[in-house]
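Notes to accompany the following structure.
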Amino acid sequence: NAGVTQTPKFQVLKTGQSMTLQCAQDMNHEYMSWYRQDPGMGLRLIHYSVGAGITDQGEVPNGYNVSRSTTEDFPLRLLSAAPSQTSVYFCASSYGPGRGNEKLFFGSGTQLSVL
Amino acid sequence: DQQVKQNSPSLSVQEGRISILNCDYTNSMFDYFLWYKKYPAEGPTFLISISSIKDKNEDGRFTVFLNKSAKHLSLHIVPSQPGDSAVYFCAARTSGSRLTFGEGTQLTVNP
């Protein structure tokens, strides 16, 4: 049981490049989400999904796209990377509403630098 | 608008003593509160939680207190151990919705 798996662990991009951060969970969780962690700002929600085919914006969605074609996978896409997107990104998952969905399980993170 | 605030970026305590981490919130609709612990190069892990209908929850060395009138919660660690050194995040949830996190507090427990 691997839990929440994120790839890659580290990535350096040039401004304007695109990339996809991968996230997979094997716990059959309905709820998945992406956060970014910046110094002094805690964890801020980018996008989330309450089930396959359903996504919604979080607190800081600009510059990011997501899709949820399967229960297991929730990739985060940066279409045109900007230096302001330099951050540590965490994927998290949990059971659906009413089933303890507040207890998020986090991946180990992706450290992204945009030059 | 920072709805969940941890005003102390860092805290240093001696091994065996009590660690008290504080968190304030502004949204009265929050109905569930959690604490997460994060080690370097790892994702946050769930530590302890409390429902808004309670004022205390205990799990071993960890106790969370909730003061709804003051919109304040705290995490007590007794006794503190060097392995407790980590960043601690408090988080809050509105009913059926997502979590809002505080900025985090770096706890250092000195041997």
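The values are calculated or read from the model by the stated rules, or taken from the named source; none is laboratory data. Note that the coordinates shown come from a computational prediction; the quantities given were computed from them, not determined experimentally. As a convention, Cβ positions derive from the backbone with ideal geometry for all residues, glycine included, and neighbour counts pool all protein chains shown. Accessible surface areas use protein heavy atoms only, side chains included; no ligands, DNA or RNA. Shrake-Rupley method; radii C 1.70, N 1.55, O 1.52, S 1.80 Å.
For this structure, a couple of remarks:
- Legend: Rg and Dmax of chain B, from Cα coordinates, 13.3, 42 Å.
- Residue B:53/residue B:81 FRET efficiency (R0 30 Å; Cβ-Cβ; nearest 0.05): 0.45
- Centroid-to-centroid separation of region A:37-115 and region B:1-57 [C-alpha atoms, Å]: 21
- Here is the interface size for A with B: some 1500 Å² of accessible area buried, both sides summed, with a 1.4 Å probe.
- Cα gyration tensor, region A:27-115 - rounded (a/c under 1.5), prolate or oblate: prolate
- Per residue of peptide B:99-105, the mean number of Cβ atoms on other chains within 10 Å of the residue Cβ is 6.
- Taken per residue, the accessible surface of the protein assembly as shown reaches 47 Å², heavy atoms only and a 1.4 Å probe.
- Take the Cα of residue A:7, step 7 Å toward its Cβ, do the same at residue A:28, and the gap between the two points is 2.5 nm.
- Accessible area of chain B belonging to carbon and sulfur atoms, whole % at 1.4 Å probe: 48
- Working from label points 7 Å from Cα in the Cα-to-Cβ sense, the residue B:14 to residue A:70 distance is 5.5 nm.
- Charge-dipole axis of region B:1-56 as Lys and Arg at +1 and Asp and Glu at -1 on Cβ define it, positive-most pick from B:50, B:27, B:12: B:12
- Point-to-point label distance, residue A:86-residue A:15, nm (Cα→Cβ direction, 7 Å offset): 1.2
- Ranking by accessible area, most exposed first, for B:24, B:59 with a 1.4 Å probe: B:59, B:24
- Relative contact order computed over chain B (Cα-Cα under 8 Å; 6+ residues apart), in percent: 37
- Net charge dipole, chain A: roughly 240 debye, given to the nearest 20, about the Cα centre with Cβ charges of +1 for Lys and Arg and -1 for Asp and Glu.
- For the options B:28, B:80, B:19, a Gaussian network treatment of chain B with springs between C-alpha atoms closer than 10 Å singles out B:28 as fluctuating the most.
- Sites residue B:110 and residue B:74, calculated FRET efficiency, Cβ-Cβ separation with R0 25 Å, nearest 0.05: 0.75
- Projecting the Cα positions of A:32, A:22, A:92 onto the charge dipole of chain A (unit charges on Cβ atoms of Lys, Arg, Asp and Glu, taken about the Cα centre) puts A:22 furthest along the positive direction.
- Segments B:84-92, A:11-19 sorted - mean Cβ within 10 Å per residue, highest first: B:84-92, A:11-19
- Base-10 log of normalised Debye intensity for region A:1-65 (one unit scatterer per alpha-carbon) at q = 0.17 Å⁻¹: -0.75
- Projected onto planes of every orientation and averaged, the convex hull of the alpha-carbon atoms in the protein assembly as shown covers 12.3 nm².
- Here the contact order of chain A, divided by its residue count and restricted to Cα pairs under 8 Å and six or more residues apart, works out to 35 percent.
- For residue B:5 and residue A:113, a Förster radius of 30 Å and the Cβ-Cβ distance give a FRET efficiency of 0.60, rounded to the nearest 0.05.
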